[in-house]
Structure formats: structure tokens, C-alpha cells
1. Taking the residues in the range 41-70 that are among the hydrophobic types (A, V, I, L, M, F, W, C) and touching a Leu at 6+ places or on another chain (Cβ under 9 Å) as candidates, determine which candidate is farthest from Gly17 (Cα to Cα).
2. (1) surrounded by 13 or more Cβ atoms within 10 Å (Cβ to Cβ); (2) assigned to a strand (DSSP E or B); (3) more than 10 Å from the ligand (Cβ to nearest atom): which one isn't true of Leu62, the others all being true?
3. Output the number of the condition that Asp43 fails; it satisfies all remaining conditions of (1) charged (D, E, K, R); (2) more than 12 Å from the ligand (Cβ to nearest atom); (3) under 20 Å from Asn108 (Cβ atoms).
4. For the condition of a type outside the set (S, T, N, Q), part of a strand (DSSP E or B) and within 20 Å of Ile102 (Cβ to Cβ), what is the one hit in Glu25, Glu49?
5. Given the options Ile107, Ile102, name the one that is among the aliphatic types (A, V, I, L, M), over 19 Å from Ala30 (Cα atoms) and more than 9 Å from the ligand (Cβ to nearest atom).
6. Six or more apart or on different chains, Cβ under 8 Å: which pairs go from a residue in the range 20-40 that's modelled with pLDDT under 95 and more than 6 Å from the ligand (Cβ to nearest atom) to one that's small (Gly, Ala, Ser) and assigned to a loop (DSSP other than H, G, I, E, B)? Could you list them?
Amino acid sequence: MRGVFLVTGDGPSFALGRYVAEEAELLTIAVSPEARGRGLGRDMLQAYEEDARQQGALTSFLEVAADNVTAISLYLSEGYSESGRRKAYYTAPDGSKIDALIFEKRINHS
Ligand SMILES: CC(C)(COP(=O)(O)OP(=O)(O)OC[C@H]1O[C@@H](n2cnc3c(N)ncnc32)[C@H](O)[C@@H]1OP(=O)(O)O)[C@@H](O)C(=O)NCCC(=O)NCCS
């Protein structure tokens, strides 16, 4: 897919982004379960933003399930804020519906 870029680091973690016309989207970010809680997720998010900035992105946005407290906590602590909500966007394994939250952040202030 055009504009897609992968970020990897030293640990078992990665982020996948997409750059389109001054906007970057964080498509996914993940740390292997046994390596969580040690800062790798934050490192991946910052590395994704740096890559996006170098490609000319001014803003970053992403979607996250409203019950993903870990990811939401990471995004809020890195300066993202909620800019929208898609009602009942995801279906949980038990069939219940979960909203998707859209978060955005300005990543280039020049
Ligand atoms: C979200 C994810 C990438 C975070 O990676 P991580 O390496 O565990 O996160 P970090 O160690 O860098 O922690 C960064 C912040 O996340 C939050 N966080 C981490 N573990 C948490 C937990 N168990 N509960 C609540 N918040 C948590 C905290 O805000 C933390 O900052 P702090 O250490 O200053 O308190 C990881 O949990 C993951 O791979 N989850 C499954 C995939 C996923 O949900 N991806 C997001 C899809 S939108």
C-alpha cells in the first residue's frame, strides 16, 4: 500500500504507519506480551512520529478501541487528544460492540 512504513526497534515490538498528504496514521503498534510495560511501546510510538515527521507529516492520528486502557494511557501521555468517536465500531469476542476513539496530535510545529 502506498505510503506505508514500518518501524522496528531493539525489542520485540513494531509500529506500522501510513503517510498521506501531511497526515500520518498509526495503523498498528504492538509489543510482544512478555516485553510489555518496559517502555518499548512508547519508544515505538516516538519512532513512528519521527519517521512521519521526516516524511513531512504535520499531524498524526489513530483509532483505538474505547476499552484499550493501556494504549489510551500511552497516547494521552504522549500528547494525543480525542477528536472523534465511531460508535459500535469493533465487535468484542463476546459479540458486544465497542466504540472506536480517534486520537490526533500535531507532530510538527515548524
Ligand atoms: C499498547 C502497547 C503497545 C503498549 O506497549 P508497552 O511497551 O507495554 O508500553 P510502555 O511500557 O511503553 O508504557 C507506556 C505507557 O502505556 C501505559 N501502560 C503500559 N502498561 C499499562 C498497563 N498495564 N495498564 C495501564 N496503562 C499501561 C502507561 O501510560 C505507560 O506509561 P508509564 O510507564 O509512564 O506509566 C502494548 O500494550 C501492546 O502491544 N498492546 C496490544 C496491542 C495494542 O493494543 N495496540 C494498540 C492498538 S491501537
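The values are calculated or read from the model by the stated rules, or taken from the named source; none is laboratory data. All values derive from a computational prediction rather than experimental measurement. Here the Cβ is made from the backbone with ideal geometry for all residues, glycine too, and neighbour counts use every protein chain on show.
1. Keep residues of the range 41-70 that are among the hydrophobic types (A, V, I, L, M, F, W, C), which gives 44-45, 47, 52, 57-58, 61-62, 64-66, 69.
Now restrict to residues that are touching a Leu at 6+ places or on another chain (Cβ under 9 Å): 45, 52, 61-62, 64-66.
Numbers: Leu45: 10, Ala52: 8, Phe61: 10, Leu62: 9, Val64: 14, Ala65: 17, Ala66: 20 Å.
Looking at the filtered set, the residue picked out is Ala66.
2. Condition not satisfied by Leu62: (3).
3. Failing condition for Asp43: (2).
4. Values: Glu49 fails: part of a strand (DSSP E or B).
Testing whether each residue is of a type outside the set (S, T, N, Q), part of a strand (DSSP E or B) and within 20 Å of Ile102 (Cβ to Cβ) leaves just Glu25.
5. Ile107 is the lone residue from the list that is among the aliphatic types (A, V, I, L, M), over 19 Å from Ala30 (Cα atoms) and more than 9 Å from the ligand (Cβ to nearest atom).
6. Qualifying pairs under 8 Å: Val20/Gly3; Glu22/Gly56; Glu22/Ala57.
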